[in-house]
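Novice: One structure, as structure tokens, below. Some questions next.
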Amino acid sequence: MLQMKLCGDLVLRTKCDPVSAITPELLSTMDEMVKMMEEQNGVGLAAPQVGILSRFLVMMDPDSKQVFRMINPRIVSYGEDKCTMEEGCLSVLGSDDLPVYSNVTRPSSVIVEWTDETGKQLSAQMMGLPARIVQHETDHLDGVLFIDHLSPVRREMVMRKVRRRK
Ligand SMILES: [Zn+2]
């Protein structure tokens, strides 16, 4: 049974190691992460959020409901245009145990490369919500949280709600 790691846990601040082999454990962990993501109405979950310091994640395109299992994902190119969208994180919860949301500005489109669960190398240009989600989730693999992209004032507004939970 995997456990969700919350903001303040150092595991969320550690750079993850590449996955070297697709093992049955990895596949079952990713299945469990998809289940957790869906149960908590999330659209993405990265390995360190369940305490595993390894470069893999699961995410869902909210429009098509397509689920991606990405091993060693890498954003190889960022579009020039930026956009602002509300972001939250299953590891950054407020006093009601629900994610705290804040507007974050990021590139609108990205090209991402990854290995899928069958070992196939894939590459895709993503725009809109999937582009947003894949940036948020790959950040997790480098120990970066969405609050790191906020101005100090906005970050403090989020952290005040997070601290109220404890
Ligand atoms: Zn997150």
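Novice: Please compute the alpha carbon radius of gyration of the chain, then divide it by the globular-protein estimate 2.2 N^0.38 Å. Two decimals is fine.
Specialist: Against the compact-globule rule of thumb, the ratio is 0.99.
Novice: Additional query: Calculated FRET efficiency, I111 and R164, Cβ-Cβ r, R0 45 Å, to nearest 0.05?
Specialist: Given R0 = 45 Å and the Cβ-Cβ separation, E is 0.70.
Novice: Can you tell which of R74, R155, R132 shows the greatest fluctuation in a Gaussian network model of the chain with Cα springs below 10 Å?
Specialist: Among R74, R155, R132, the largest GNM mean-square fluctuation belongs to R155.
Novice: Choose one answer from E86, E38, E25: the residue with the largest mean-square fluctuation in a GNM of the chain with alpha-carbon springs under 10 Å.
Specialist: Comparing E86, E38, E25 in a Gaussian network model of the chain, the most mobile one is E25.
Novice: How much mean residue ellipticity at 222 nm does the chain get from its helices, if each DSSP H run of length 4 or more adds -39500 (n - 2.57) and you divide by all residues, to the nearest 500 deg cm²/dmol?
Specialist: Counting only the DSSP helices, I get -8500 deg cm²/dmol.
Novice: Based on the Cβ-Cβ distance of R155 and M1, what FRET efficiency does E = 1/(1 + (r/R0)^6) give at R0 = 30 Å, to the nearest 0.05?
Specialist: Efficiency for this residue pair is about 0.40.
Novice: Taking N as the number of residues in the stretch 112-166, what value does Rg over Cα atoms divided by 2.2 N^0.38 Å take?
Specialist: The value comes to 1.53.
Novice: Would you list, by chain and number, the aspartates and glutamates whose Cα falls below 17 Å from the Cα of K35, excluding same-chain residues fewer than 8 positions away?
Specialist: Counting by Cα, and skipping residues close in sequence, K35 has these aspartates and glutamates nearby: E25, D61, E117, E137.
Rule-based calculations on the coordinates, nothing more; no lab input. Worth saying up front: this structure is predicted, and the values here are computed from it rather than measured. Note: ideal-geometry Cβ built from the backbone for every residue, glycine included; neighbour counts use all protein chains shown.
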